[in-house]
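The values are calculated or read from the model by the stated rules, or taken from the named source; none is laboratory data. What you see is a predicted model, and the numbers here were worked out from it, not measured in a lab. Cβ: placed from backbone, ideal geometry, glycine included. Neighbour counts: every protein chain shown.
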Amino acid sequence: MLSVLKKITPYFFVIGLFFALTKLMPVLSLNLEEEIAQISKQIADLEKSVAPLKSESSTLQSQIASAKVQIARTEKQIADMGQKLIDKEADLEIQKLLLGQRIRRYYINTKKFNPLLVFFSASQSTDLLRQYTWYQSVISQDKNTITDFVSDINSLSQNKQNLEKETLRLAAVKKSLEDRFGFLAGEIKKAEDYKNELSKRQQQLIAEKTQLFNTSVGDVSSSSDPASRADYNPGFSPAFGAFSFGAPHRKGMSQYGAFGRAKEGQNYETILKAYYGNIRIETVDSPGSINTSVGSLPFEDNYLVGIAEMPASWGDQGGFEALKAQAIAARTYALSYIGWRLSNRNASGSICVTEACQVYKTSRYNSPGKWKEAVEATRGQVLVSNSSNEIFSSMYASTAGGATYSYSSLGHSTPQLWDTSCNNQSCWPNDSFEKTAGSAWYYKGWYKTRSNLSCGRSHPWLTNSEFSDIINAVLYFSKTNDSTHLSQIDSGGCFGGNDPNAWSREELARQVSDKGGPVSSVNSISVDYSTSGYTNTVRVSTDKGDFSFNGSDFKDIFVLRAPGAIALKSNLFNIIKK
């Protein structure tokens, strides 16, 4: 048992050396792609170092499990034998007392009988002979009993000594196994924790690389890009495009949805109840000022007037009720953020003036247009949950793709909403309020970074070979749950270059050859949508057969592998071929 444990020692040295070298690595000023490449290489090296340790650990864990069963069984036997020994020793003490009595009787009997008495009385000879025979039998029995008890005493004493030795031996084996097992578990945990930290950083970098941002409409509506539309002609066929429904976090009020609802005649109260659920609107005495990252500002007459989260021009395009809904949502959000409550109105918190909180601009304050009218028309009005009788964080964003997620804040939960004229999924996506409002982000193919870099691409459309490569990546991930080598191989000059750890198309094809691929052409593609507002399944028909992928997994690998800045920004998406 112990000899097996000695085999794992070299692997502990390897892991220890790997951690030591990692700690000694210099901190370099790297660009984004180089940092991703370095982290990917560290993860790969770590996996390689840990692999033999995990293999040995698996064998060891199996042996430890078996040993624990044997130890438990032996300990039970020891306990049972210990109890028997106690019982035997108790019986032995009793037998010792009886033995003493028998020895005394034996002595008395030998003194009482005299063979010469047979000649003194013929009438008594028969009885005396019978007594003599009986005494001889008793004497013989006593002798045998004495011999047996002496043998039992010796046997019990020896067994007790053997049990005590076995108990000590098993205890030593058990402790050694437990010590080794604990050490092994600790080393593996260190490696796994380190890998998780690397993976977290990698995900952060991927989010930065693909510009997965949360934002609102802002001062002006987002510009339209014909190349981002589904009817764009890329100039080749077949062509594959990935289109996102919505871009930001998809929680709370959709600003374009509110605009569409206002244009169809809904007032601000109806709009707010649609997005936030079981709420009421109350008028309160707002605080005189609010602490912000640019200093203290008068709350109603400066801070709120300078909020630049929705185009003021919408007020002249049938969307004034949307502006009022936005004013109440922004007021409630700010008060909730700084800690102001109906039950405690002495808040001293601070709020930033960027989109990380709410965007405040002096340019909006200086030229507010219809927005200022909306703020004044709703002065002091806040959203209050009917469930908690308190305000809550009233989130909002530009475009939810026609479906918002539910979220909870301060005891209030918002509904999961199909933001359509029929109030359900049946008329989605054509009758979405966001589509009515003309949101350019409602159904969009993304291929530029937030700073408007196109990374060598003039549209988001993919060729057959590019899309087949992505399908191979998704296929590989679906079989292995490993994305280490699935980063893009064509950054188009963005993000600092390509990841040297990423597999080429040829290598990925080789890696997936025993996993159902490699796919070299895609015949058709379709998606299934969940009633909860996300893409549930992606189905593809290829030259290697039909495949069905989890929607979330497909999105993650698509973001990793797609060339340039091509990305999916939402979990509610569609993939088309033309």
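Report, by residue number, each residue of the stretch 307-320 that is closer than 16 Å to SER363 by Cβ and outside any loop (DSSP other than H, G, I, E, B). Talk me through it step by step, then tell me what you get.
Applying the first criterion (closer than 16 Å to SER363 by Cβ) to the stretch 307-320 yields 307-313.
Hits for the stretch 307-320 are ILE307, ALA312, SER313.
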Item checked: When residues of the stretch 385-408 are limited to those that are more than 25 Å from the chain's Cα centre (by Cα) and free of Cβ contacts under 8 Å to residues at least 60 places away in the same chain, the one surrounded by the fewest Cβ atoms within 10 Å (Cβ to Cβ) -> ASN389
Checklist line | Total residues in the stretch 436-474, condition surrounded by fewer than 24 Cβ atoms within 10 Å (Cβ to Cβ), assigned to a helix (DSSP H, G or I) and modelled with pLDDT of 95 or more | finding: 3
Next item on the list: Among the numbered conditions (1) more than 16 Å from SER393 (Cβ to Cβ); (2) touching a residue at least 60 places away in the same chain (Cβ under 8 Å); (3) touching a helix residue (DSSP H, G or I) at 6+ places or on another chain (Cβ under 9 Å), tell me where SER293 comes up short.
Entry: (3)
Notebook entry, point to check: surrounded by 17 or more Cβ atoms within 10 Å (Cβ to Cβ), hydrophobic (A, V, I, L, M, F, W, C) and under 23 Å from ASP482 (Cβ atoms), is that true of LEU572?
Noted result: no
Next item on the list: List the number of the failed condition for GLY411; all other conditions in (1) within 29 Å of the chain's Cα centre (by Cα); (2) under 30 Å from ARG341 (Cβ atoms); (3) touching a residue at least 60 places away in the same chain (Cβ under 8 Å) hold.
Entry: (3)
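In the stretch 554-570, which residues are of a type outside the set (A, V, I, L, M) and either in contact with a helix residue (DSSP H, G or I) (Cβ under 6 Å, 6 or more places away or on another chain) or closer than 22 Å to SER237 by Cβ (or both)? Step through it out loud before you land on a result.
Start the filter on the stretch 554-570 by keeping residues that are of a type outside the set (A, V, I, L, M), which leaves 554-556, 558, 561, 563-564, 569-570.
Of everything in the stretch 554-570, those that are of a type outside the set (A, V, I, L, M) and either in contact with a helix residue (DSSP H, G or I) (Cβ under 6 Å, 6 or more places away or on another chain) or closer than 22 Å to SER237 by Cβ (or both) turn out to be PHE554, PHE558, ARG561, PRO563, GLY564.
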Checklist line | Filtered residues of the stretch 503-524 (kept if crowded, with 22+ Cβ neighbours inside 10 Å and either within 16 Å of ARG561 (Cα to Cα) or charged (D, E, K, R) (or both)) | finding: TRP503, LEU508, VAL512, PRO518, VAL519
Check: Going through the stretch 260-306 one residue at a time, which ones are in contact with a Leu (Cβ under 9 Å, 6 or more places away or on another chain) and either over 21 Å from TYR337 (Cα atoms) or part of a helix (DSSP H, G or I) (or both)?
Finding: ALA262, TYR268, LEU272, ALA274, TYR275, TYR276, PHE299, TYR303
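Confirm whether SER426 is in a helix (DSSP H, G or I), assigned by TED's automatic domain parsing to the domain that holds ALA330, surrounded by fewer than 19 Cβ atoms within 10 Å (Cβ to Cβ) and of a type in the set (Gly, Ala, Ser).
Numbers: in a helix (DSSP H, G or I): yes; assigned by TED's automatic domain parsing to the domain that holds ALA330: yes; surrounded by fewer than 19 Cβ atoms within 10 Å (Cβ to Cβ): yes; of a type in the set (Gly, Ala, Ser): yes.
For SER426, the condition - in a helix (DSSP H, G or I), assigned by TED's automatic domain parsing to the domain that holds ALA330, surrounded by fewer than 19 Cβ atoms within 10 Å (Cβ to Cβ) and of a type in the set (Gly, Ala, Ser) - is met.
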Next item on the list: Starting from the stretch 459-486, keep only residues that are of a type in the set (Asp, Glu), then list their pairs with residues that are modelled with pLDDT of 95 or more and crowded, with 24+ Cβ neighbours inside 10 Å whose Cβ atoms are within a distance under 8 Å, requiring at least 6 positions of separation or different chains.
Entry: ASP482/TYR476
Notebook entry, point to check: Counting residues that are touching a residue at least 60 places away in the same chain (Cβ under 8 Å) and over 26 Å from TYR405 (Cβ atoms), which strands (runs of 3 or more DSSP E) fully inside the stretch 513-578 reach at least 2?
Noted result: 535-542
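Confirm whether PRO500 is surrounded by fewer than 18 Cβ atoms within 10 Å (Cβ to Cβ), more than 21 Å from TYR447 (Cα to Cα), touching a residue at least 12 places away in the same chain (Cβ under 8 Å) and assigned by TED's automatic domain parsing to the domain that holds LEU560.
Details: surrounded by fewer than 18 Cβ atoms within 10 Å (Cβ to Cβ): yes; more than 21 Å from TYR447 (Cα to Cα): yes; touching a residue at least 12 places away in the same chain (Cβ under 8 Å): yes; assigned by TED's automatic domain parsing to the domain that holds LEU560: yes.
When the stated conditions are applied, PRO500 passes them.
Considering only residues that are in contact with a helix residue (DSSP H, G or I) (Cβ under 6 Å, 6 or more places away or on another chain) and surrounded by fewer than 19 Cβ atoms within 10 Å (Cβ to Cβ), look in the stretch 340-356 and name the one that is farthest from THR292 (Cα to Cα).
In this case the residue turns out to be ALA347.
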Notebook entry, point to check: Mind checking which residues of the stretch 479-500 are in a loop (DSSP other than H, G, I, E, B), more than 27 Å from ASN452 (Cα to Cα) and not small (Gly, Ala, Ser)?
Noted result: ASN481, ASP482, THR484, HIS485
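Tell me which residues, restricted to the stretch 249-280, are crowded, with 16+ Cβ neighbours inside 10 Å and more than 36 Å from the chain's Cα centre (by Cα).
Just the residues of the stretch 249-280 that are crowded, with 16+ Cβ neighbours inside 10 Å, to begin with: 249-263, 266, 268-269, 271-277, 279.
Correct list: PHE259, GLY260, ARG261, ALA262, LYS263, GLN266, TYR268, GLU269.
Here is a list: ALA242, ALA227. Which entry is in contact (Cβ under 8 Å) with a residue 60 or more places away in the chain and either acidic (Asp, Glu) or surrounded by 24 or more Cβ atoms within 10 Å (Cβ to Cβ) (or both)? Write out each step before concluding.
Details: ALA227 fails: either acidic (Asp, Glu) or surrounded by 24 or more Cβ atoms within 10 Å (Cβ to Cβ) (or both).
That would be ALA242, the only listed residue that is in contact (Cβ under 8 Å) with a residue 60 or more places away in the chain and either acidic (Asp, Glu) or surrounded by 24 or more Cβ atoms within 10 Å (Cβ to Cβ) (or both).
A quick yes/no check of all residues on (1) in a strand (DSSP E or B); (2) of a type in the set (Asp, Glu); (3) closer than 14 Å to GLY252 by Cβ; (4) modelled with pLDDT under 95:
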{"residue": "LEU323", "(1), (2), (3), (4)": "no, no, no, no"}
{"residue": "GLN326", "(1), (2), (3), (4)": "no, no, yes, no"}
{"residue": "ALA330", "(1), (2), (3), (4)": "no, no, yes, no"}
{"residue": "SER348", "(1), (2), (3), (4)": "no, no, no, yes"}
{"residue": "GLU355", "(1), (2), (3), (4)": "no, yes, no, yes"}
{"residue": "LYS372", "(1), (2), (3), (4)": "no, no, no, no"}
{"residue": "GLU376", "(1), (2), (3), (4)": "no, yes, no, no"}
{"residue": "ARG379", "(1), (2), (3), (4)": "no, no, no, no"}
